[in-house]
Ligand SMILES: Nc1nc2c(ncn2[C@@H]2O[C@H](COP(=O)(O)OP(=O)(O)OP(=O)(O)O)[C@@H](O)[C@H]2O)c(=O)[nH]1
Ligand SMILES: [Mg+2]
């Protein structure tokens, strides 16, 4: 069982293959603002290209409510089928999450087609990007949790025991139950291994307790890695693709007068990330959870930057103490029009505008970091003073190692 999903079988798009022709499908309900559905689909296209797919057609259906059987309406399924045939494509990706039965129904109506959703696509990218033992464990847990309720039809070709290929009938119920039991056990084993790594990370974080630690967070592609490279020459991989970074990188940033700050780059956030994925990735994001200050990078040139900020906030709510001091940056300022920049300045007068790529605003950022570091040092000194004067055995709330 050690290799339930052999490395290559974890990938839906195989890197060696030619780019796989793919059709994308988005659904806009009346609650979605005009333009928003198109932005979501653009992002899905970027994700598909990151996964090495060739997008041949994009559908957007406006509907009152989702069709429980196939998500989109019957007529749209027929249109998709015709489009798949005319492009000779064998893959369709939905922007919304599909249930196991929706995948089954769609595969029945679109024979010979791999049907997946945004999460499946993200997991595929994660599987390709995972480099360290820690991120490989996280990806495998997330994949198994995702595949378990979908263990049927095309998904079976991801499972070692069933090499039935695309569109073949799934295993019988008894076999499925056995598979699910084995997968649950595998997930538990992997989680135990991951916990050990997390504990080691926590010990490491505690051993660095004396140095001010800043976690760089933000939406995927905002420029987090470019920023850490700019500040520390970290040499982190940067690319105009989503999820370029999966493993966190930690570097020292010398700020003068014998002081250093620790900066950590983390995995980017994205909208519609299922809860279990955030949960699993808490380990990498744990780097941010232990930070003394959060540096949030926002792509100020993105038209949907506000949604990026909301998504970032929702993820942060789950992983950090909201009292943690925060610095916000609008990055890519040189790529914005004058009007867009002015509008941003009016709406967010306290947010710094920088360009990590063009080296704009870095001095101001450094000053701000030093200021936050000084505040933190002062607070620590005050805290130590309180502890020194406290009666024996009394420990104040803020003085535990977790702080
Ligand atoms: N125009 C412009 N592009 C930038 C700037 N900073 C970063 N980029 C570009 O934005 C893209 C993403 O940069 P990364 O640094 O990889 O972004 P990231 O936030 O680390 O992304 P993930 O690791 O995918 O979450 C790359 O093509 C960068 O060259 C900037 O200040 N201006
Ligand atoms: Mg990155």
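Computed from the coordinates by the stated procedures, all read-outs in this text should not be read as laboratory data. What you are looking at is a predicted structure, and each value in this text was computed from that prediction instead of being measured. Glycine gets a Cβ as well: all are built from the backbone with ideal geometry, and neighbour counts include every protein chain shown.
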request  = May I ask what percent, to the nearest 5, of DSSP beta bridges between residues of the stretch 208-399 are antiparallel?
outcome  = 30
message = If I stretch the segment between residue 185 and residue 255 completely, what's the gain in nm (0.36 nm per residue apart, minus their alpha carbon distance), one decimal?
response = 20.4 nm
query = Quick one: what does P(r) look like for the stretch 52-122 with 5 Å bins over all Cα pairs, in whole %?
reply = 3, 16, 30, 29, 17, 4, 0
task = Arrange the peptides 262-268, 127-133 so that the one whose residues have, on average, the most other Cβ atoms within 10 Å appears first.
result = 262-268, 127-133
inquiry  = Once you keep just the Cα pairs under 8 angstrom separated by 6 or more residues, what percentage relative contact order results for the stretch 208-399?
reply    = 22
query = Any idea how far apart residue 321 and residue 148 come out in nm if each label point goes 7 Å out from Cα toward Cβ?
reply = 3.2
ask   = Between residue 82 and residue 233, what FRET efficiency comes out of the Förster formula 1/(1 + (r/R0)^6) with R0 = 41 Å and r the beta carbon distance, rounded to 0.05?
value = 0.20
remark   = 1/(1 + (r/R0)^6) with r = Cβ-Cβ of residue 60 and residue 203, R0 = 41 Å, i.e. FRET efficiency to nearest 0.05, evaluates to 0.25
key: Rule-of-thumb Rg ratio for the stretch 208-399 [Cα; 2.2 N^0.38 Å; N residues]   = 1.07
Nitroxide proxy distance, nm - points 7 Å out along Cα→Cβ at residue 367 and residue 178 = 6.9
Peptide ranges 364-373, 202-211 listed from the most packed, as the mean C-beta count within 10 angstrom indicates = 364-373, 202-211
inquiry  = Cβ neighbours within 10 Å, averaged per peptide: list 376-389, 291-304 in order, most packed at the top.
reply    = 291-304, 376-389
task = Estimate the FRET efficiency between residue 74 and residue 36 by the formula 1/(1 + (r/R0)^6), using the beta-carbon distance for r and 25 Å for R0, to the nearest 0.05.
result = 0.45
